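Worksheet for the structure shown next.
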Amino acid sequence: MDLHTTHSTVISHGDPVLKRAEILEYFHKTFDIDEKLYDTLRHDDTFYQRADRLRHPLIFYFGHTATFYINKLVVAKVINERINPRFESMFAVGVDEMSWDDLNEAHYDWPTRGEVKEYRDMVRGVVDGLIRTLPLSLPVVWEDPFWGIIMGVEHQRIHLETSSVLIRQLPIDKVQSLPLWKVCTVSGEPPANQLLDVTGGTVTLGKEKGHPLYGWDNEYGRHSAEVADFKAAQYLTSNREFMGFVQAGGYFDPRWWSEEGWSWRDFKQAGHPLFWVKAGDSWRLRTMASEIEMPWDWPVEVNFLEAKAFCNWKTAITGDPIRLPSEDEWHRLRDICAIPDQSGWERAPGNINLEGWASPCPIDTFMTGNFFDVIGNVWQWTETPIYPFHGFEIHPWYDDFSTPTFDTRHNLIKGGSWISTGNEATRDARYAFRRHFYQHAGFRYFESSAPVENHDDQYESDALAAQYCDAHYGPGHFGVANFPLVCAKIALEEMCGRPLGQALDLGCALGRSSFELAQGGFDKVTGLDFSTRFFRLAARMQEEGSLRYALPEEGEIASFHESSLAELGLEGARDKVQFYQGDACNLPEKFSGYDLVLAANLLDRLYSPRRFLSMIHERMNPSGLLVLTSPYTWLEEYTKKEEWLGGYREAGEPVRSLDGLKDVLEQHFRLVGEPRDVPFVIRETGRKFQHTVAELTVWELKDHKM
């Protein structure tokens, strides 16, 4: 089976029988390429060696791409059972690179390579069976089970890139060159770079629903801009051209660096690009699995901070306004060169899609229009931090793909690299990384005096997230007090005279109760929520001390709000709270030892509340308290009916949720006092509110030694 020249599957039309076979082939080719990438590691123990201090070892990524399929298919309700809950928790979270000054030295009890390989084979079998048997109709839309399968495939192809970069950072004796990963053997001196005129014009970005190719949520919506005339370098910046910056002492002169860039350079003690290797008086280049004599006519590979410093230096020595392109300018250049999208390729118009080499190649190899390497060879950094287009919607099955990057700290890279396949090689692809991050990325510099528009509005505008911002940090409505505040106060009252060591706020959403519990005397509070969208906002409140959000008033009219911990009297709680993404029904082992567990309005949104209730005592200290609230709005959308605690009839008689709670909990807990009603109000618009009443119960863990 030829693993090169595979294209992202057209999902808008076609014969369903043939399309099923096409998706199946695309899936298996993707899995095969992924397996062969990890075959470049010589020894099993290399899987546990950290190639980059800011990333997990490769065993994590070996497991992550497989667990992604299962986790997303469970969320999409395509499958009901997990394969290995421990793996599907361990390998789920932690993909994004850490900040360069925020190292994570946590110890992980990683499984063996063989165990992960066995798990991967099981996942492959499950997905193969689904592709063969699930109903398939075209077009495949967001809500279709096949969308979840293709999401897993395209996600796996993303990690071909990120894992290959990590492999490239391992010691050379830990890796091996293999036939699939052939390095280009052509090199020499590059042609002189020159700036060519590009006529400005209108750029329109954003997919519409029903686009022929799969897309990530940030690709949808609408953006239009008028781009002024500019000049663009004919070639990508080569190793030789960048050498001028190195020889001029650019890495040791703070004049050329941003404050962020100079702090990073100082931290790394960088004196040249990462993949350059000094060999006496000469230089060599580290490719993914080999070291070769420096190919001076290949594109240099650097992070954004280095590329930006080079542009600042070049501006000084030429007197011209040299910088990186904006996303709009890069697309204008691509449009001028009339490059078709991937589905229209007979042969890739660049060193991309694994159709060329498993490395860059000379910068004058692939020409389109008057320019070279407009796509392919290496990714190209832009000046634009990623942002949502107008009409952006979060995909409910992967709510943390894009929103965590809308923080002005992740810049877009465009054009793809030699290993960019699938969605990454398409026109509309929008991938962004932190500016210190290394990808197979270089840059093309532009000359323009036009300002770069950065879309850095940090007002949270997603409707559901904004509602929760108001519910947690806004005022009460219609005389009904703030619900998370009330829950925390009741919990603290019940804890009077008890140890205030650790508390767990399950389903913490945006974290108000977590902060209140910490302010009320707990030494440490852990807030955990299944929605990454919510826990990221909670973490932002902790890190920055404030949140801004836009609330709909009527129609297109919105009001803008800001809440801060200082104004709420919670500033002192920031250092005692930590937030995590996690599944209450599949908690990692580290979440244990709690004197209080608060689960506010969580039960009727769990896929297995009975499992949660039957296991939570294992995470609590003797005589600890479990505080539960719920309006008992059971819906099969969230919880299978056989998992409901109440709200149904049995033998003709009604079963109430409180009775169900008692049945599950009384083996390990005793009910403290009587249930009480706690109302809450959710604001939808300026004139529409939801008024709900939750039932609050308090349960004390029995001391079985008595």
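None of the figures in this text is laboratory data; all of them are computed from the coordinates on show. In this text the structure is predicted, and so the values were computed from the model without any measurement. Positions of Cβ are backbone-derived with ideal geometry, glycine not excepted, and every protein chain shown enters the neighbour counts.
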Answer in debye to the nearest 20: the dipole magnitude of the range 465-701 about its Cα centre, from +1 Lys/Arg and -1 Asp/Glu charges placed on Cβ, is 180
Using Cα pairs closer than 8 Å and at least 6 residues apart in sequence, work out the relative contact order for the chain, in percent.
11
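How do the peptides 377-384, 276-283, 679-686 rank, highest first, by the average count of neighbouring beta carbon atoms within 10 Å per residue?
Numbers: 377-384: 27.1, 276-283: 11.6, 679-686: 16.8.
So the order, starting with the most tightly packed, is 377-384, 679-686, 276-283.
By average Cβ neighbour count within 10 Å, what is the ranking of 506-512, 404-410 from highest down? Intermediate values should be presented prior to the final figure.
Numbers: 506-512: 28.0, 404-410: 18.6.
Top to bottom by mean Cβ count within 10 Å: 506-512, 404-410.
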What percent does the relative contact order of the range 197-447 come to when contacts are Cα pairs within less than 8 Å and at least six residues apart?
27
Calculate the tail of P(r) for the range 197-447: the fraction of all Cα-Cα distances greater than 35 Å, expressed in %.
12
Using the basic label-point model (7 angstrom from Cα toward the beta carbon), what is the residue 199 to residue 128 distance in nanometres?
5.5
Would you work out the Kirkwood radius for the range 465-701? I mean one over the mean of 1/r across all pairs of different Cα atoms, in Å.
18.3
In straight Cα distance, which aspartates and glutamates are under 13 Å from residue 641, not counting same-chain residues fewer than 8 positions off?
604, 650
Quote to one decimal, in nm, the extra length available between residue 17 and residue 692 on full extension: 0.36 nm per residue of separation minus the C-alpha distance between them.
238.2 nm
Given Cα pairs under 8 Å that are at least 6 residues apart, what percent is the relative contact order of the range 465-701?
20
For 297-306, 567-576, 33-42, 55-64, ranked highest to lowest by mean beta-carbon neighbours within 10 Å, the order is 297-306, 55-64, 33-42, 567-576
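Of 72/207; 314/414; 36/278; 489/524, which pairs sit farther than 28 Å apart, going by alpha carbon to alpha carbon?
On the way: 72/207 23 Å; 314/414 22 Å; 36/278 30 Å; 489/524 16 Å.
Beyond 28 Å between Cα atoms: 36/278.
Can you tell me the dipole magnitude for the range 532-653 around its Cα centre, using point charges on the Cβ only (Lys, Arg +1; Asp, Glu -1), in Debye to the nearest 20?
420
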Please compute P(r) over all alpha-carbon pairs of the range 511-596, binned at 10 Å starting from zero, and give each bin as a whole-number percent.
16, 42, 28, 11, 2
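Using the eigenvalues of the Cα gyration tensor, what equivalent ellipsoid semi-axes result for the range 553-599 when each is taken as the square root of five times the eigenvalue, whole Å, largest first?
On the way: eigenvalues 208, 75, 16 Å².
Equivalent ellipsoid of the range 553-599: 32, 19, 9 Å, largest first.
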